[in-house]
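Data block below; observations after.
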Amino acid sequence: MEIWRWVFVGIIFLAGFVVKIEPFKLGRSQPTERISGSAGDVLEDDPVGRLKVFVYELPSKYNKKILQKDPRCLNHMFAAEIFMHRFLLSSPVRTLNPEEADWFYTPVYTTCDLTANGLPLPFKSPRMMRSAIQLISSNWPYWNRTEGADHFFLVPHDFGACFHYQEEKAIERGILPLLQRATLVQTFGQRNHVCLKEGSITIPPYAPPQKMQTHLIPEKTPRSIFVYFRGLFYDVGNDPEGGYYARGARAAVWENFKDNPLFDISTEHPTTYYEDMQRAVFCLCPLGWAPWSPRLVEAVIFGCIPVIIADDIVLPFADAIPWEEIGVFVDEKDVPNLDTILTSIPPEVILRKQRLLANPSMKQAMLFPQPAQPGDAFHQVLNGLARKLPHDKGVYLKPDERVLNWTAGPVGDLKPW
Amino acid sequence: MKLSALRQSYINRRSYFRSSVPLDSSSDSAFNSPTAIFGLILHGLCCLISLFLGYRFSRLVFFFLFSTNFYTSPFRSTADLVRTLDVHSVLSTNPHLPLVNKTLPNSRVVVGRHGIRIRPWPHPDPVETMKAHRIIEIVQKEQRSQFGEKDPRTVIVVTPTYVRTFQALHLTGVMHSLMLVPHDLVWIVVEAGGVSNETASLIAKSGLKTIHVGFNQRMPNSWDERYNLESKMRLRALRIIRQKKLDGIVMFADDSNMHSMELFDEIQNVKWFGAVSVGILANSINADEMVDHKEEQENPRMPVQGPACNASNMLAGWHVFNASPYAGKSAVHIDDRGTVLPRKLDWSGFVLNSRLLWKDRGERPKWIKDIDMLEGDIESPLDLVNDPSMVEPLGSCGRRVLLWWLRVEARTDSKFPPRWVIDSPLEITVPSRHTPWPDAPPEPHANEEPIEKHSTKRTSGSKRRSKRKQNYNSAGQIDV
């Protein structure tokens with residue numbers, strides 16, 4: 001009888017294995033493929049039951065009052081920090097008992113200090129963060145227990161927790177010393193960069209899902225544009241000669257392909273921007289002042305294969321999504337040969353990439369919908385946090401052990417907020 | 001794009017990016033040493049030279065001294081070369097450039113000013129362009145197979161035609177529409193007056209599968225008789241379909257109609273017998289007179305022939321062409337100037353499954369007559385149907401107009417060069433006109449001989465000029 005049981009189990013296992021491999025047809029009869037990255041087939045995992053998150057109750061000057069002062073924070077590309085807070089407040093993974101929590105979340109909106117044009121100024125952010133951490137370390141014992149190693153923070157700014165928009169300054173400052181042991185959830189990702197810590201979770205920038213939904217066109221509209229891009233090539237205000245902005249890559253794209261009929265590239269922002277992306281086969285996603293941009297999210301939603309021109313970039317949820325199979329990566333030094341590179345991709349590979357992009361779980365993973373839906377970016381963040389569990393022993397410090405240096409960093413950061 | 005737009009309002013940035021002039025030696029310890037003075041003088045000299053040349057030529061110096069990896073462009077003028085050299089700056093080996101820090105010691109990404117790489121011939125390469133178009137074609141085919149019609153059926157197109165001046169115009173239009181159809185196609189061209197080389201050479205350019213048959217009668221001169229003959233010709237084509245047992249969807253594309261591409265996708269939805277809405281572009285030269293009439297309730301919209309549906313999207317009736325506004329003004333003969341009117345329901349608005357025509361009863365529904373059993377001719381395909389309520393309305397129940405009916409013809413006696421190729425009959429002299437403006441063509445009646453002869457003075461100039469001046473249309477409406 002034992003043997004029969006094992007045979008039965010074996011058959012079930014084999015059946016499951018076989019079914020998993022072949023592409024399955026979705027309701028609308030478009031064949032897609034399952035997406036599995038280096039961590040396995042984890043895009044559709046449900047984080048409920050796998051982790052517990054405790055949300056600190058900070059005074060509203062850290063979150064609500066800032067938002068009230070400037071509600072534009074809800075629409076710009078850094079809005080993920082606000083929506084994550086709202087999601088966690090009503091999510092089943094939230095626990096009100098901090099003793100059983102695996103992760104601790106501090107809701108401080110550091111990217112909400114906007115200029116008249118709507119750009120976030122990062123100058124006060126280090127002080128804000130520092131003040132928040134001082135508060136939680138004095139009011140609750142959980143920070144000092146681990147010096148933040150089981151805490152996570154959302155820092156969606158350009159260079160993450162380096163809190164500066166200029167790369168040189170950001171590198172000089174480095175990651176805020178108090179956040180050395182915490183897990184950072186950020187949009188910035190570049191390998192071997194000071195501002196990307198080991199163990200950070202990269203998320204996509206916020207793109208408004210409603211707006212993209214309203215611009216969908218029928219899927220049978222034939223894709224007739226080969227390469228599409230809209231954006232600046234030269235940042236005339238800050239780098240008139242070129243060469244600094246985008247490390248010269250965007251300027252190279254312009255200079256090499258401005259008269260090429262296959263490349264629909266320009267600086268004008270048309271009203272049919274989203275519709276045009278749905279009519280294009282490839283969408284360029286070159287770096288700008290920082291390597292990430294909402295273009296990647298838009299390209300994935302609209303089924304346009306992203307062509308990523310940013311050396312050493314780390315894309316969102318890189319362990320769950322095999323970006324190499326979905327997008328095309330071009331080194332910055334190969335930009336002059338972009339047309340040869342793109343036309344020499346075999347058609348089967350292009351069709352496969354389109355199939356992967358058509359997978360709804362892929363599109364869902366890039367979005368921050370309100371209210372949250374299964375498989376969206378919020379759940380991917382929680383999945384990422386769950387994969388880091390259980391915390392290893394080094395996380396918990398001995399009662400008098402101190403690792404963090406509370407006075408490190410530039411003098412200006414030490415001022416109270 | 002968005003990120004960089006952010007930058008523009010930051011206050012401190014401009015000052016940061018003014019990188020130091022490379023030869024800017026120490027201005028503080030200025031007057032203390034001869035080298036310093038020398039440095040100052042050199043600096044002043046370089047400033048003057050830069051002022052003269054109009055750019056920072058120091059970059060040129062460093063370029064020549066330290067150039068490593070960038071492309072020069074052999075085709076540009078020296079001025080351009082100088083300008084681009086300004087842009088191609090040196091990477092990281094020059095100590096005077098602003099502080100270049102790598103992100104981390106083992107990173108290959110360097111922060112700082114980079115050169116803008118331009119390849120030697122930055123223009124489109126035709127081979128790449130062709131490859132890209134092939135890729136786009138493959139992508140579109142895949143899209144069609146996923147979202148478009150699964151298993152599209154062959155489209156069988158029936159076109160009656162005859163040789164006349166406007167034949168090339170009309171038939172080329174239909175031919176190009178058919179060449180664009182992504183599905184398989186068979187084109188049956190029935191020609192009045194027998195098979196001719198004109199038509200054959202025209203349709204041979206299409207590359208489509210064609211069946212070209214002749215019909216032994218000549219096309220008559222009045223519209224009514226023409227319609228009758230066309231119906232006969234179409235029946236002839238249907239008999240051919242029956243005989244060859246062609247399988248697919250039969251549609252009637254008259255050679256002066258205009259078809260939209262959505263029509264060919266829509267007719268794939270037909271099961272047995274379908275109808276689409278046809279827009280009638282009646283040639284309304286007298287439109288102003290019509291509007292001034294007392295009947296203002298006559299809505300001036302374009303008349304549409306086709307199926308009419310009730311609220312539950314079931315066929316309720318037909319929109320037919322109402323000929324009463326045009327009473328008395330319609331054209332009788334083909335070269336009349338009046339409005340050309342269609343019949344009540346035109347053939348081109350109907351599509352049928354070719355299996356309805358086959359001999360064996362098979363799956364054929366009972367409400368279709370057998371075409372061999374027809375006594376006499378039929379005016380519209382509805383006569384083939386015993387039960388008109390079985391007709392399927394297509395194009396979202398007739399709400400979408402997918403093709404347009406139009407009849408435009410030249411006078412029956414107008415001549416055109418055979419195959420529209422001008423050979424060189426230099427010896428023909430045609431008397432020239434005396435008045436420089438075209439006069440109205442004479443009233444169209446068959447008895448008179450309305451041809452006016454035009455001639456051009458033959459100059460002693462080149463062959464080409466006299467060829468150009470010869471007027472091939474003797475009807476006087478087209479002046480060369």
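Could you please state, rounded to a whole Å, how far the C-alpha centre of segment A:153-185 is from the C-alpha centre of segment A:335-374?
The two parts, judged by their Cα centres, are 29 Å apart.
So what J values fall out for segment B:36-53 if you push phi through Karplus, 6.51 cos²θ - 1.76 cosθ + 1.60 with θ = phi - 60°, rounded to Hz, Gly and Pro as x?
Values, residue by residue: 5, 5, 4, x, 4, 5, 4, 4, x, 4, 5, 4, 5, 5, 4, 4, 5, 6 Hz.
Which one, A:PRO47, A:PRO347, A:THR267, is farthest towards the positive end of the dipole of chain A when Lys and Arg carry +1 and Asp and Glu -1 on their Cβ?
A:PRO47
Evaluate the charge dipole of segment A:268-417 about its Cα centre and quote only its size in Debye, nearest 20, assuming +1 on the Cβ of each Lys and Arg and -1 on the Cβ of each Asp and Glu.
560 debye
Given the rule -39500 (n - 2.57) for each run of at least 4 DSSP H residues, summed and divided by the residues of chain A, what is its mean residue ellipticity at 222 nm, to the nearest 500 deg cm²/dmol?
Helix contribution divided over all residues of chain A: -8500 deg cm²/dmol.
Give me the percent relative contact order of segment A:262-383, please, defined on Cα pairs under 8 angstrom at least 6 residues apart.
That works out to 20 percent.
Could you give the distance between the Cα centres of segment A:216-268 and segment A:284-313, to the whole Å?
Comparing the Cα centres of segment A:216-268 and segment A:284-313, I get a distance of 12 Å.
Give the Debye-formula value of log10 I(q)/I(0) at each listed q (0.11, 0.13, 0.20 Å⁻¹), with one equal scatterer per alpha carbon of segment A:271-412, two decimals each.
Result of the Debye calculation: -0.57, -0.72, -1.25.
May I ask which residue of B:ALA168, B:VAL155, B:PRO124 lies farthest towards the positive end of the charge dipole of segment B:112-172, with charges of +1 (Lys, Arg) and -1 (Asp, Glu) on Cβ and the Cα centre as origin?
B:PRO124
If the viscosity is 1.306 mPa s and the temperature 10 °C, what Stokes-Einstein diffusion coefficient in µm²/s follows for segment B:103-243 when Rh is the Kirkwood radius over Cα pairs?
The Stokes-Einstein estimate is 81 µm²/s.
What does the charge add up to near B:GLN268, with Lys and Arg as +1, Asp and Glu as -1, over the other residues with Cβ less than 14 Å from its Cβ?
Computed value for this residue: -3.
Can you tell me how segment B:113-195 classifies by the Cα gyration tensor, rounded, prolate or oblate, using a/c under 1.5 as the rounded cut?
Because a/c hits 1.5 or more and a/b fails to exceed b/c, segment B:113-195 counts as oblate.
Taking the Cα centre of segment A:202-305 as origin, work out the dipole magnitude from +1 charges on Lys and Arg Cβ and -1 charges on Asp and Glu Cβ, in debye rounded to 20.
So the dipole magnitude of segment A:202-305 works out to roughly 320 debye.
Take B:LYS271 and A:SER224, extend 7 Å from each Cα along the Cα→Cβ direction, and tell me the distance between the two endpoints in nm.
Between B:LYS271 and A:SER224, the label points sit 3.5 nm apart.
Between A:ASP392 and B:LEU374, how many nm apart are label points set 7 Å from Cα along the C-beta direction?
Calculated label separation equals 8.6 nm.
For A:LYS69, give me every one of the aspartates and glutamates with a C-alpha distance below 13 angstrom, ignoring sequence neighbours fewer than eight places off in its own chain.
A:ASP113
If you place +1 on the Cβ of every Lys and Arg and -1 on the Cβ of every Asp and Glu, how big does the dipole about the Cα centre of chain A come out, in debye to the nearest 20?
Roughly 1140 debye, rounded to the nearest 20.
Got a sec to turn the phi values of segment B:382-395 into Karplus ³J(HN,Hα) couplings, 6.51 cos²θ - 1.76 cosθ + 1.60 with θ = phi - 60°, whole Hz, x for Gly and Pro?
Working through the residues one at a time gives 4, 5, 7, 9, 6, 10, x, 6, 7, 6, 8, x, 10, x Hz.
What's the local net charge at A:LEU351, with K and R +1, D and E -1, over the other residues with C-beta under 14 Å away?
+2
Label chain A by shape, choosing from rounded, prolate and oblate, from the square roots a ≥ b ≥ c of the eigenvalues of the Cα gyration tensor; if a/c is under 1.5 it is rounded, and otherwise prolate applies when a/b is larger than b/c, oblate when it is not. Walk me through the numbers before you get to the answer.
On the way: a/c = 1.88, a/b = 1.15, b/c = 1.64.
Oblate.
Express in nm, to one decimal, how much length is gained between B:GLU262 and B:GLU392 on full extension, taking 0.36 nm for each residue of separation and deducting their alpha carbon distance. It would help to have the intermediate numbers written out before the result.
Values: separation 130, 0.36 × 130 = 46.80 nm, distance 1.71 nm.
45.1 nm is the gain from fully extending B:GLU262 to B:GLU392.
Among all cysteines in chain A, which have no other cysteine Cβ under 4.7 Å from their own Cβ?
Lacking a cysteine Cβ partner under 4.7 Å: A:CYS285.
For segment A:175-223, what size does the Cα cloud have along each of its three principal axes, sorted from largest down, in whole Å?
Principal-axis extents of segment A:175-223 (Cα, largest first): 51, 22, 13 Å.
Mind listing which chymotrypsin sites (Phe, Trp or Tyr not before Pro) in segment B:153-259 are in a DSSP loop and have 16 or fewer other Cβ atoms within 10 Å?
Details: sites: B:TYR162, B:PHE166, B:TRP187, B:PHE215, B:TRP223, B:TYR227, B:PHE252; in loops: B:TYR162, B:PHE166.
Hits after loop and neighbour filter: B:PHE166.
To make sure I understand, if each residue's beta carbon is the centre and we count other beta carbons within 10 Å, what order do A:LYS52, B:LYS209, B:LYS366 fall in, fewest to most? Present the calculation step by step, with values, prior to reporting the outcome.
Working: A:LYS52 19, B:LYS209 12, B:LYS366 9.
In order of increasing Cβ crowding within 10 Å: B:LYS366, B:LYS209, A:LYS52.
Given a Förster distance of 30 Å, report the FRET efficiency between B:PHE416 and A:THR272 from their Cβ-Cβ distance, rounded to the nearest 0.05.
Here the calculated transfer efficiency is 0.10.
Any of A:LYS61/A:LYS124; A:LYS64/A:LYS211; A:LYS353/B:LYS141; A:LYS258/B:LYS141; B:LYS205/B:LYS232 with alpha carbons more than 19 Å apart? Name them for me.
Flagged as over cut-off: A:LYS64/A:LYS211; A:LYS258/B:LYS141; B:LYS205/B:LYS232.
Can you sort A:LEU342, A:LEU121, B:LEU246, A:LEU89 so the residue with the fewest Cβ neighbours within 10 Å comes first?
Exposure proxy ranking, most exposed first: A:LEU89, A:LEU121, B:LEU246, A:LEU342.
Using a simple spin-label model with points 7 Å from Cα along the Cα→Cβ vector, what separation in nm is obtained for A:ARG50 and B:LYS344?
A separation of 7.1 nm, rounded to one decimal place.
Once whole DSSP H runs in chain A are found, which of them have Cα atoms spread over 24 Å or more along the helix axis and a mean Kyte-Doolittle score of at least -1.0? Spell out each step's value before the answer.
On the way: long enough: A:2-21 (29 Å, 1.72).
Helices passing the filter in chain A: A:2-21.
No value in this document is a laboratory result; all are computed from the given coordinates. Fair warning: this is a prediction, and the values are worked out from it, not measured in the lab. Every residue, glycine among them, receives a Cβ derived from its backbone with ideal geometry; neighbour counts consider all protein chains shown.
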